[in-house]
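**Q** One structure coming up, written as structure tokens, with questions to follow.
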Amino acid sequence: MRKSRAAIFSGPHFLAHLLWPGRCFIVTLCAMFQVWEVVGGAENGGIIAREGKELKSSQLPERLATGALLKGLSLEGDRLNFERLSGAGPDSGWVSIKLKDKVLCQMKEPSDASQSCAEDQASGWKPPACKGRKPRVLCLHGTGCNGKIFKTQLAKLLPKAKDTLELIFLDGRMNVDKGPAFETMQKFFPGEPNFMYDIVSLDSKGWRVYNDPKATLIWLQAQLKLHSPIDGVLGFSQGANFALMLLAQAAASDSGSALPLGFGVLLGINAPGFTEQLPDIFTGALLPMPILVVHGLQEGYGAGMEPLFEAAKEQGLKVDTKGEDMPAAHVMKLLGHGEAIAHKEGHVPLPRDKQQAEEITSRIVSFVLESCS
């Protein structure tokens with residue numbers, strides 16, 4: 001069977017299941033990840049780390065100290081793509097696990113990693129208590145949309161969810177009255193009001209950031225309380241970005257400042273530059289709740305705001321993909337218990353292809369039900 005671009009999620013973190021040609025690609029993030037220890041380099045103050053996979057790529061300023069623990073993102077031959085968990089050295093990059101016959105990095109026992117993941121699970125998540133009622137899911141639309149339009153966009157999901165889930169559609173807090181998103185929505189849904197949750201822009205990497213995400217999260221927390229109980233969130237594009245922020249807020253909260261959330265469904269999520277705006281909730285710990293990520297293989301870093309993205313590139317923006325073809329790959333690295341489904345289309349809530357839409361909508365419903373106690 002031909003290898004698909006869904007391989008962006010292969011590697012030591014992931015157990016991948018490739019379905020028949022023409023259907024969706026499903027990847028499940030295992031509850032365990034591989035941890036590596038730097039065992040070489042003691043005589044040189046650590047081992048060399050580089051920006052890229054190639055041995056000729058730029059050497060990072062710091063060496064990885066002997067004894068440092070690394071989270072393995074992918075292993076290609078003898079080259080390990082890592083994120084540093086402990087010890088001194090660069091936060092991320094590529095290292096060689098051996099040099100000729102000398103071992104530089106050694107994989108830790110699986111129990112070490114699974115214990116860490118289990119602690120994450122215990123500290124920030126428990127299944128929502130939905131016994132005796134349908135799970136209630138707050139649904140957040142994309143830029144320039146509204147709850148009514150989002151229902152139309154999810155028309156293939158609604159019949160499946162009707163008897164098993166309760167979907168609550170929430171209009172954004174800001175009006176949209178100009179720009180490409182407004183024009184597109186007015187073309188297909190003339191006369192409908194258009195909303196967004198916050199004003200979007202790009203950071204220096206070409207990733208998504210927002211004008212005031214903290215204020216938006218305060219507003220969203222008020223909406224969660226207004227519509228409580230809410231068991232999980234589902235969002236598309238900007239709505240998916242803020243759904244991820246709500247999930248991170250729920251995982252990080254130990255004071256009751258954020259309402260608990262048991263699961264998330266993220267459709268067409270963008271490259272998460274907003275994590276750097278919110279270091280208090282995106283702390284580096286993996287999000288412990290089950291999260292389903294649905295994305296298109298034709299989605300790029302400018303998906304959903306192509307005119308602004310292309311204008312920024314003309315003005316000198318150089319997109320930093322950090323070696324990932326798909327923005328969703330960066331999101332998967334934030335998740336401790338995630339699953340990704342890739343369809344063959346672009347930036348849409350659900351694919352137009354009937355078979356792929358059937359598989360995805362069925363999985364959304366079963367995923368939510370599995371996530372509830």
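The values are calculated or read from the model by the stated rules, or taken from the named source; none is laboratory data. Computed from a predicted model, the values in this text were never measured in an experiment. Cβ atoms come from the backbone with ideal geometry, glycine included; neighbour counts cover every protein chain shown. Surface areas here come from the heavy atoms of the whole protein model, side chains and all, with no ligands, DNA or RNA. Shrake-Rupley method; radii C 1.70, N 1.55, O 1.52, S 1.80 Å.
**Q** Using protein chains only and a probe of 1.4 angstrom, how many square angstrom of Ser204 are accessible, to the nearest 10?
**A** The accessible area comes out at roughly 100 Å².
**Q** Please give the FRET efficiency for Gln315 paired with Ser228, using the beta carbon to beta carbon distance and R0 = 41 Å, rounded to the nearest 0.05.
**A** About 0.40, to the nearest 0.05.
**Q** Which ³J(HN,Hα) values, rounded to whole Hz and listed in residue order, are derived for segment 83-89 from phi using the Karplus coefficients 6.51, -1.76 and 1.60 in 6.51 cos²θ - 1.76 cosθ + 1.60 with θ = phi - 60°, glycine and proline given as x?
**A** Those phi angles translate into 10, 6, 9, 7, x, 8, x Hz.
**Q** Over segment 136-371, average the accessible area per residue using a 1.4 Å probe and give it in Å², no decimals.
**A** Numbers: 9400 Å² over 236 residues.
Per-residue value: 40 Å².
**Q** Hey, if we sort Glu306, Glu192, Glu183 by accessible area with the 1.4 Å probe, largest down, what's the order?
**A** In descending accessible area the options line up as Glu183, Glu306, Glu192.
**Q** Run lengths n ≥ 4 of DSSP H only: what is the helix-derived mean residue ellipticity at 222 nm for the chain, with -39500 (n - 2.57) per run over all residues, to the nearest 500?
**A** Estimated from H runs of four or more residues: -8000 deg cm²/dmol.
**Q** Note down the nm distance, to one decimal, between modelled labels 7 Å out along Cα→Cβ at Ser204 and at Ser86.
**A** Simple spin-label model gives 3.2 nm for this pair.
**Q** When the expected Rg is taken as 2.2 N^0.38 Å, what fraction or multiple of it is the alpha-carbon Rg of segment 248-373?
**A** 1.16
**Q** Next question, about the same structure. So for Met332, Met107, what's the accessible-area order with a 1.4 Å probe, most first?
**A** Per-residue accessible area, sorted high to low, gives Met107, Met332.
**Q** Can you tell which of Gln355, Gln238, Gln249 shows the greatest fluctuation in a Gaussian network model of the chain with Cα springs below 10 Å?
**A** For the chain, modelled as a Gaussian network with Cα springs under 10 Å, the answer is Gln355.
**Q** Over all alpha-carbon pairs of the chain, lay out the pair-distance distribution in 20 Å bins, whole %, shortest bin first.
**A** 28, 57, 14, 0
**Q** Once you keep just the Cα pairs under 8 angstrom separated by 6 or more residues, what percentage relative contact order results for the chain?
**A** Relative contact order for the chain comes out at 18 percent.
**Q** Mind checking the alpha-carbon convex hull of segment 34-108 and giving the volume per residue in Å³?
**A** Normalising the Cα hull of segment 34-108 by residue number yields 79 Å³.
**Q** Give the carbon-plus-sulfur fraction of the accessible surface of the chain in %, rounded to a whole number; probe 1.4 Å, heavy atoms of protein chains only.
**A** Values: 9200 of 17300 Å².
Reported share for carbon and sulfur atoms: 53 percent.
**Q** Accessible area of Lys102, 1.4 Å probe, to the nearest 10 Å²?
**A** 100 Å²
**Q** How big is the antiparallel share of DSSP beta bridges in the chain, given as a percent to the nearest 5?
**A** The answer is about 60 percent antiparallel.
**Q** Put a dot 7 Å past each Cα toward the Cβ at Ser57 and Ala129; how far apart are the dots in nm?
**A** 4.8 nm
**Q** Also: Search the structure for amide H atoms under 5 Å from the amide H of Ser86, placed 1.01 Å from N in the peptide plane, and list their residues when 5 or more places away or on another chain.
**A** Leu69
**Q** Turning to a different aspect of this structure: Compute the distance in nm between two label points, each set 7 Å from the Cα along the Cα-to-Cβ direction, one at Ala42 and one at Glu276.
**A** So the label points at Ala42 and Glu276 sit 3.8 nm apart.
**Q** Between Gly132, Gly87, Gly296, which gets the highest mean-square fluctuation from a Gaussian network model of the chain, Cα cutoff 10 Å?
**A** Gly132
**Q** Amide H neighbours of Leu170 under 5 Å, at least 5 residues apart or on other chains, H built in the peptide plane: list them.
**A** Amide H to amide H, under 5 Å and 5 or more residues apart or across chains, Leu170 pairs with Cys139, His141.
**Q** Next up: What Kirkwood radius, in Å to one decimal, follows from the Cα pairs of segment 324-372?
**A** Values: mean 1/r = 0.0814 Å⁻¹.
Every distinct Cα pair counted, the radius reaches 12.3 Å.
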